[in-house]
Amino acid sequence: MTRVMLLTEKQTRVGGLEVIDDWRGDQSGRLWLDIEGSPEEDVNQMLLSFGCDPLAICDAFRDRHPPKVEEFERQTFILFRGISSLEEDLQLAPQQLAFFIGDNYLITFHRGTSVSINHFWELMTNDTDQSPELGQLTLQILHYACGRYLQSILGFEDQLGVLEDILLSDSAEEAMKSMVSYRSRLRVLKRIFSYHLRLAESIMNSSASHLAADDDENQHHRRDLYDRCERLYSLCGMYYEICGDLLEGHISLSSHRLNNTMKILTIITAIFVPLSFLAGIYGMNFEHMPELGFHYSYFILLGVMASAVTGMLILFRKLRWL
């Protein structure tokens, strides 16, 4: 699907490819060309007709490519990793967004429906007063897309608190599995946001005229975009470390409980070893054992056993093993 929006001082016109022909006639307005679909030859030819760099087009057509910004003489190319969907369990379905920003035109290319682009398309269609510069519009779209990431990431904080309570309880096996999967997904998000942070830093320090680098208001949007990307990266890093700390804490608590169990078993074994030794000696069937003929041997042996147990219990108490 290809749709075109022509922004002039008098009106906002929305239509198809015929709008491009009218715009090429005098180029008195600003053109926004939005292309949704698979990379085909006619799309490639259309982008080439606007002077888009062939290598930039190749990057835009790839299924997966790290986000980046490149400046050319006639335009600035931005590749962004947007969201098709990001579930509560941090399952991410990414969507690549490509922006070609010229002096008086903006071309956006994406596979499938883009919530961020549709939001601003409808906003500018319904409200003719909303007609920012194309470079500023690009920054607003990126800022809105990062906001969708941020909303999902902040929503994960409550779920993380619930998992923390479960991990401190006795039934934590399922929570452990969830935490391991969350940590893996957070690692992926952290890598994506590291690209976004470098992208936002490049945009903020860019001197490209297509992004209105000398505009103070636009500089404010650049800074907002950088701050949001930096917050996303730091939040993902923090949640990733929290998940790791919770897992390590749970393993430490489990090891501590296991050590306590093993200590009790060791104490029981230590108590019964001398008793078993004495019982083993006097359980041997030798004919000449002098103690067997003594009338009180049984009671003396029981007393020795009781004394050994009592002595070891006192010793373990002093050593604070009990």
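The values are calculated or read from the model by the stated rules, or taken from the named source; none is laboratory data. Values in this document were obtained by computation on a predicted structure and should not be read as measured data. Cβ: placed from backbone, ideal geometry, glycine included. Neighbour counts: every protein chain shown.
Here the stretch 114-131 is the region considered, the condition is being surrounded by fewer than 16 Cβ atoms within 10 Å (Cβ to Cβ) and of a type in the set (Val, Ile, Thr), and the residue that is modelled with the highest pLDDT is VAL115. Any residue at all in the stretch 229-246 that is among the aromatic types (Phe, Trp, Tyr) and not assigned by TED's automatic domain parsing to the domain that holds LEU199? No, there is no match, as no residue in the stretch 229-246 is among the aromatic types (Phe, Trp, Tyr) and not assigned by TED's automatic domain parsing to the domain that holds LEU199.
Every condition in (1) surrounded by 15 or more Cβ atoms within 10 Å (Cβ to Cβ); (2) not small (Gly, Ala, Ser); (3) not in a strand (DSSP E or B) is met by GLU88 except one, and the failing one is (1).
Note on the stretch 15-38: residues that are in contact (Cβ under 8 Å) with a residue 12 or more places away in the chain and closer than 19 Å to ILE101 by Cα amount to 14. Residues in the stretch 231-278 that are more than 31 Å from the chain's Cα centre (by Cα) and in contact (Cβ under 8 Å) with a residue 12 or more places away in the chain: 7 in all. Can you find a residue that is surrounded by 11 or more Cβ atoms within 10 Å (Cβ to Cβ) and not in a helix (DSSP H, G or I) anywhere in the stretch 279-291? Within the stretch 279-291 (the criterion being surrounded by 11 or more Cβ atoms within 10 Å (Cβ to Cβ) and not in a helix (DSSP H, G or I)), the answer is yes, since at least one residue qualifies. Taking the criterion of being crowded, with 19+ Cβ neighbours inside 10 Å and either assigned to a loop (DSSP other than H, G, I, E, B) or of a type in the set (Val, Ile, Thr) (or both), the residues of the stretch 132-161 that qualify are GLU133, THR138, ILE141, ILE153. For the stretch 5-31, taking the residues that are within 41 Å of the chain's Cα centre (by Cα) and of a type in the set (Lys, Arg), the one that is farthest from GLU133 (Cα to Cα) is identified as ARG13.
Can you confirm whether GLY249 is within 30 Å of ALA200 (Cβ to Cβ), modelled with pLDDT under 85 and in a helix (DSSP H, G or I)? Criteria not met by GLY249. Within the stretch 132-191, being within 25 Å of GLU230 (Cβ to Cβ) and without any contact (Cβ under 8 Å) to a residue 24 or more places away in the chain holds for PRO132, GLN151, ASP158, GLY161, SER184, ARG191.
Here the stretch 1-29 is the region considered, the condition is being more than 16 Å from LEU123 (Cα to Cα) and of a type in the set (D, E, K, R), and the residue that is surrounded by the most Cβ atoms within 10 Å (Cβ to Cβ) is ASP22.
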